[in-house]
Amino acid sequence: MSEAVVSNAPAPKPTPHVKDNAIIRFEGVTKRFDRVMAVDNVTLDIREGEFFALLGPSGCGKTTLLRMLAGFETPTEGRILIDGKDVADLPPNKRPVNMVFQSYAVFPHMKVADNVGYGLKMDRVPGEEIKTRVAEALELVKLGGYGDRMPDQLSGGQRQRVALARALVKRPRVLLLDEPLSALDAKLRDQMRSELTSLQEKVGITFIMVTHDQDEALAIATRCAVMNRGVLAQVATPADLYEFPNSRFVADFVGSVNLFEGVLERDEQNEAQVRCPEISSPVYLDHGVTGARGSTVWVALRPEKIEMHKRKNGETAPKMEDAPAGANVAAGIVRDIVYLGSETNYEIELESGRRIKTFRSNLTRYDQEDFTWDEPVWLAWHACSPAVLLS
Amino acid sequence: MEQTWRQAKAAFAAIAIPPLAWLLLFFIVPMTVIWAYSFGENTGPTTIDFTGTFANYMRAVEPLYLEIFGKSLVVAGLTTVLCLIVGFPVALAIAFASPRMKSWLLLLIMLPFWTNLLIRTYALIAVLREQGYVNFTLEWLWNNASGLMTFVGLQPLGEYEPLTLLYNNSAVIIGLVYVHLPFMVLPLYSALDRMDRSLMEASLDLGAGHMRTILLVVVPLAAPGIASGVLITFIPALGAYLTPDLLGGTDSQMIANVIERQFKRANDWPFGAALSFLLMYLTFAAIAMQALVQRRSERRR
């Protein structure tokens with residue numbers, strides 16, 4: 001199914017710095033802790049120059065995968081290749097990767113400059129060169145002139161920049177970031193997001209980020225891998241992940257979604273129809289689904305893709321033939337309203353009693369007044385909007 | 001609700017007075033008496049006059065006693081250094097052991113605390129004496145080596161000469177290290193266990209090997225723990241009495257043995273008191289140095 005669907009995807013954002021070669025390759029990597037399967041047979045290529053995100057709920061194995069790459073954990077099975085070379089025998093201090101830790105791990109007993117120069121000193125780089133490279137690295141993360149400070153004189157955001165500079169100054173092949181934004185406050189996080197992307201484009205190094213925050217992954221990454229219980233659920237660009245999820249888990253984890261269980265009634269080249277008990281009329285789709293007729297499927301409908309219209313009391317749903325071309329219509333009643341400023345979230349009760357979410361942009365200053373509690377509404381969505389999931 | 005002692009004077013008094021009274025009665029008062037003795041003179045077998053003389057202190061800084069003070073400092077210092085060298089890897093190993101293993105290892109470290117010092121010291125004598133287990137083991141190895149050499153057609157080794165491991169200065173140091181090792185390991189362990197593991201991982205990640213990570217990151221960050229371990233080992237080692245008494249030879253006297261002799265055999269309480277207070281001032285100096293280290297490392301973070 002996914003192949004037919006992906007062709008509908010919008011062109012990915014231009015990323016000229018991404019090359020074709022796989023700089024990192026996981027081959028059937030499995031990690032067991034005692035009896036717990038942390039990472040389960042992961043095979044994944046990460047291309048040079050990518051800003052790659054490992055996304056998933058806590059305990060899904062994403063951090064273990066990152067730590068195996070850094071050399072802090074050894075795979076139970078499988079191989080990890082960096083630049084085509086198996087790194088199984090390389091300890092962390094011999095790998096061409098550097099890590100920015102979640103806690104930043106800035107050495108509290110060293111000046112900023114000594115922190116940043118630490119890795120170069122370990123590589124026995126001459127003192128003069130260390131000086132200039134440290135200054136460059138601090139300039140790069142906008143901490144020029146902070147070299148003589150002690151870490152306790154810095155804010156959390158500044159300490160993170162020290163950790164970034166400390167890793168980047170070694171010019172690693174790959175930079176690993178463990179939940180880089182989780183400890184920052186909301187404003188700083190937004191700022192750091194865009195700084196990370198521009199920094200990555202500037203230095204041209206492959207970045208791999210671990211995060212549990214899907215907004216963060218969508219905003220920053222060129223490609224994401226969603227993990228669930230140690231297994232790769234889906235690997236795709238942010239837009240494909242959101243618009244063309246391959247499973248209920250991905251649809252639900254990335255963004256908000258209304259999921260309906262249903263039976264595939266009709267499946268042709270250019271259209272399909274799913275009967276969902278919770279929606280009074282069948283859901284019409286303007287594309288084919290590769291599934292056996294009569295099989296159980298799930299319809300995933302994003303809240304912002306549902307339009308709301310006024311409905312007179314007592315008016316019932318139009319028949320399929322009467323609905324506007326290519327549209328799906330369902331009747332409902334507004335049960336809850338959450339006003340968020342830029343948009344308003346509504347909870348609508350369908351005729352079946354099922355409640356679903358819809359988001360509506362407040363295009364004018366009066367839009368939020370359009371609908372009130374217990375008001376009957378029509379819900380409509382385009383035939384290309386729902387994603388049909390087989391698992 | 002936050003309260004200061006001013007708001008509940010009665011409650012505060014009820015809590016604070018008993019321990020204060022205890023300290024006053026059983027610590028401050030006796031110490032003051034001894035302190036006063038150090039400025040007194042023996043006028044009879046049981047009578048001491050408080051004459052305000054400095055003669056006792058003048059005698060205490062005579063070369064004979066200064067030498068013993070110096071020797072005690074050296075022995076205690078060596079003990080502390082050896083405890084640190086032996087204890088640091090042990091503490092590191094415990095801090096990195098799995099949680100289940102950790103509690104067993106800590107129990108092993110604590111176990112000697114629950115045994116009487118005298119028994120432990122006599123047990124050490126049983127191990128170290130000429131017919132002790134160390135010499136038994138060495139003799140067995142020696143005889144086997146000798147047998148092996150005859151077997152391959154070489155001259156057999158001579159008769160085994162048991163090593164003299166007791167009643168000398170090394171016996172005292174072995175005993176002191178054995179007794180004081182837990183005092184060193186526990187503060188080191190707690191400092192290392194608290195340390196943020198990602199700091200060590202960051203050091204490895206940046207290209208440092210394990211030795212350099214320990215030297216450049218672990219040791220500096222564990223400095224407060226090392227300082228308190230050093231202090232808590234050094235102070236009791238400096239005033240050690242039983243160990244040099246039982247394990248030492250005639251030349252292994254430490255200052256506490258001299259003090260004991262003044263109070264008992266020599267019946268010269270004023271001089272014993274003066275020596276005791278000199279020892280206490282040395283201890284204060286050590287505590288002051290530890291406080292300095294602590295403050296410097298605190299200012300850094």
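Since every read-out is calculated from the coordinates, none of them should be taken as a lab result. Small disclaimer: the values here were computed from a predicted structure and weren't measured. Heads up, the Cβs are rebuilt from the backbone with ideal geometry, glycines too, and the neighbour counts pull from every protein chain shown.
The table for this structure:
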| quantity | calculated |
| --- | --- |
| Relative exposure of A:T364, A:T296, A:T197, judged by other C-beta atoms within 10 Å (fewest first) | A:T364, A:T296, A:T197 |
| Under Karplus coefficients 6.51, -1.76 and 1.60, residue-wise ³J(HN,Hα) of region A:17-31 in Hz, glycine/proline x | 7, 7, 9, 8, 6, 7, 7, 10, 9, 9, 10, x, 7, 10, 10 |
| 5 angstrom amide H check on A:E343, placed H, neighbours 5+ away | A:N362 |
| Value in Å of the Kirkwood radius, where the protein assembly as shown supplies the Cα pairs that are averaged | 32.7 |
| FRET efficiency, 1/(1 + (r/R0)^6) with R0 45 Å, evaluated for A:Q269 and A:S352 via beta carbons | 0.90 |
| Distant-in-sequence amide H partners of A:I306 (H built 1.01 Å from N, under 5 Å) | A:F359 |
| Most positive-pole-ward Cα, A:A327, A:Q368, A:L143, against dipole of chain A from beta carbon charges | A:L143 |
| B:V33-A:K187 pseudo-label distance in nm [points 7 Å out on the Cα-to-Cβ vector] | 6.8 |
| Nearest-ten-degree value, helix A:156-168 long axis tilted from longest Cα axis of chain A | 70 |
| Residue among B:P99, A:A88, A:I306 farthest towards the positive dipole end of the protein assembly as shown, charges placed on Cβ | B:P99 |
| Alpha-carbon centroids, region B:176-247 and region B:61-118: separation in whole Å | 10 |
| Least to most buried among A:H287, A:H309 (fewest other Cβ within 10 Å first) | A:H309, A:H287 |
| Burial ordering of A:C276, A:C60, A:C384, B:C83, fewest other beta-carbon atoms within 10 Å first | A:C384, A:C276, A:C60, B:C83 |
| Percent RCO, i.e. relative contact order, over chain A, from Cα pairs under 8 Å lying at least 6 residues apart | 15 |
| Listed residues B:L64, B:L92, B:L82, most fluctuating in chain B (Gaussian network, C-alpha, under 10 Å) | B:L64 |
| Projected area, mean over directions - region B:179-301, Cα convex hull, nm² | 9.8 |
| Label-to-label distance, nm, for residues given as B:L154 and B:F284 (7 Å Cα→Cβ offset) | 6.1 |
| Under the Karplus curve 6.51 cos²θ - 1.76 cosθ + 1.60, θ = phi - 60°, whole-Hz ³J(HN,Hα) for region A:144-155, x wherever Gly or Pro sits | x, x, 9, x, 8, 6, 8, x, 6, 8, 10, 7 |
| Burial order of peptide ranges A:220-228, B:218-226, B:287-295 (average beta-carbon count within 10 Å, highest first) | A:220-228, B:218-226, B:287-295 |
| Charge dipole of the protein assembly as shown about the Cα centre (unit charges at C-beta), most positive-ward option of A:H109, B:I48, B:L82 | B:I48 |
| P(r) of region A:257-389 over all Cα-Cα pairs, binned every 10 Å from zero, in whole percent | 13, 43, 32, 11, 1 |
| Shielding score for B:192-205, defined as the mean number of other chain Cβ atoms within 10 Å | 6 |
| Peptide ranges A:241-250, B:37-46 listed from the most packed, as the mean C-beta count within 10 angstrom indicates | A:241-250, B:37-46 |
| From the C-alpha gyration tensor of chain A, square roots of 5λ in Å | 47, 25, 16 |
| Under Karplus coefficients 6.51, -1.76 and 1.60, residue-wise ³J(HN,Hα) of region A:270-283 in Hz, glycine/proline x | 10, 7, 8, 9, 10, 9, 10, x, 8, 10, 5, 9, x, 7 |
